[in-house]
1. What is the mean number of Cβ atoms from other protein chains located within 10 Å of the Cβ atom of each residue in peptide B:44-52, rounded to a whole number?
2. With springs only between Cα atoms under 10 Å apart, run a GNM on chain B and tell me which of B:Gly21, B:Gly52, B:Gly73 wobbles the most.
3. ³J(HN,Hα) across the range B:31-39 via Karplus (A = 6.51, B = -1.76, C = 1.60, θ = phi - 60°), whole Hz, x for Gly/Pro?
4. Quote the FRET efficiency, to the nearest 0.05, computed for A:Arg192 versus A:Ala136 with a Förster distance R0 of 30 Å and r equal to the Cβ-Cβ distance.
5. List, in order, the whole-Hz ³J(HN,Hα) value for each residue of the range A:61-78 obtained from phi through the Karplus relation with A = 6.51, B = -1.76, C = 1.60 and θ = phi - 60°; use x for Gly and Pro.
6. Amide H neighbours of A:Asp189 under 5 Å, counting only residues 5+ apart in sequence or on other chains, H built in-plane at 1.01 Å?
7. Return the average number of partner chain Cβ atoms within 10 angstrom of each residue Cβ along peptide B:84-95.
8. What number, in percent, do you get for the relative contact order of the range B:14-93 if the mean sequence gap of Cα pairs under 8 Å and at least 6 apart is divided by its residue count?
Amino acid sequence: MRRLSRLAIALAALATATSLGAQDETLLDPAKPTSAARAALDALETEFRAAQDAYYKPYSDAKSDEERAAITLDPALDPVPIFVERYAALAREHSGSAEAVAAWMWVFHSGSRSPRSAEAVSAAVDVLIEEYRDHAALAETVKFAFYAGSSEPCLRLLRALRERSERAETRAAATYGLAQLALQGPSRDEARARELLEEVREKHASVPFHGKRSYGEQVERDLFELEHLAVGKVAPEITGEDIDGKALSLSEYRGKVVLLDFWGDW
Amino acid sequence: MYPHERSLVAKYEAETFAILGVNSDPDRERIREIVAEKGLAWRSWWDGGTDGPIATRWNVRGWPTVYIIDHEGVIRSRDPYGDQIDRVLDDLVPKAREAAKRKTEPPPKE
């Protein structure tokens, strides 16, 4: 469940990024509130969702964990490799637009989950680097590129954008993404992550990260996490009020094993 | 998550194990109702929203996020899932029990 909900958050963030692209374009060109490119992208997205729902239907139909565990899906029927081609075609047709960026990023993200799409992903990365590295729409969506994981195409995309994009937001996002990737997997390299985070702090502290938060503020959080929130570190004190308004501090529980659960009922 | 948490509260004695929540719902009244309705027998800080001060300091990116902290206050596990939680607790709770016993027993006579 936890894995799924994290993925859902990542995908929701992606969806927001895509719709932001649409808003920007509306602002730039009020005479054309819905462009042909936007309409085509929306239609393709709807079609993909339906194909994906159909493919994963055995899971949504399953009534228990046992039933779910027994399901095997035929990878030959996975809609992703087919749609990767269609998104790429759409991107080529509407070359230069914010939708083309969104479509190439779709190929990059969705294709990264399917081994059969490796070539298409690599081609998408080439185009994003060579044709779109300075594009405004890429600056927004590249923030989420590191969710694709520490794969060769993802590293190649972020390294190229960090070095070659003219946009500070894009360089900030690429550098920050590389720091996150350095922390993933068996080749976790904290020293490298720290270096990259410090580069973001030094060069891009005032660039907006998310909402009102800047990269400078976000990097402070990440550095605090590396320093104090890793396995083996003494947990920082938490003080405050419980939901009934009574004082509660973590240190009251010294001597007990504590399962600390950040939760929300939503 | 709730049924699993309830099973942990039932499995380990309150002297050596506790669940503490950091709740990120924006509406405190609603969350009090949910806690009462679902019989969640553990305390939670109320953090006021997903960008509350505790979640911010702990750099929480997704919910739920879980840490397991041992009886000496040291972080022993981050984001355990499924039966990993039980395995970590089965290792740590007896150690907390041992430490508590050493404290309450009178020191050996010379």
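1. Details: counts 7, 11, 7, 6, 1, 1, 3, 4, 2.
Mean shielding count: 5.
2. Comparing B:Gly21, B:Gly52, B:Gly73 in the GNM, the peak value goes to B:Gly73.
3. 6, 5, 4, 5, 4, 5, 4, 8, x
4. Details: r = 29 Å, r/R0 = 0.98.
The calculated FRET efficiency here is 0.55.
5. So the J values, rounded to whole Hz, are 7, 4, 9, 8, 4, 4, 4, 4, 5, 7, 6, 10, 8, 7, x, 5, 9, 4.
6. When sequence neighbours closer than 5 places are left aside, the close amide H contacts are A:Leu183, A:Gln184.
7. Details: counts 0, 1, 0, 0, 2, 2, 0, 1, 4, 2, 1, 1.
The shielding value for this peptide is 1.
8. Details: 74 pairs, mean separation 20.7, N = 80.
Once normalised by length, the contact order is 26 percent.
None of the figures in this text is laboratory data; all of them are computed from the coordinates on show. What you see is a predicted model; the values in this text were computed from it and never measured. Note: ideal-geometry Cβ built from the backbone for every residue, glycine included; neighbour counts use all protein chains shown.
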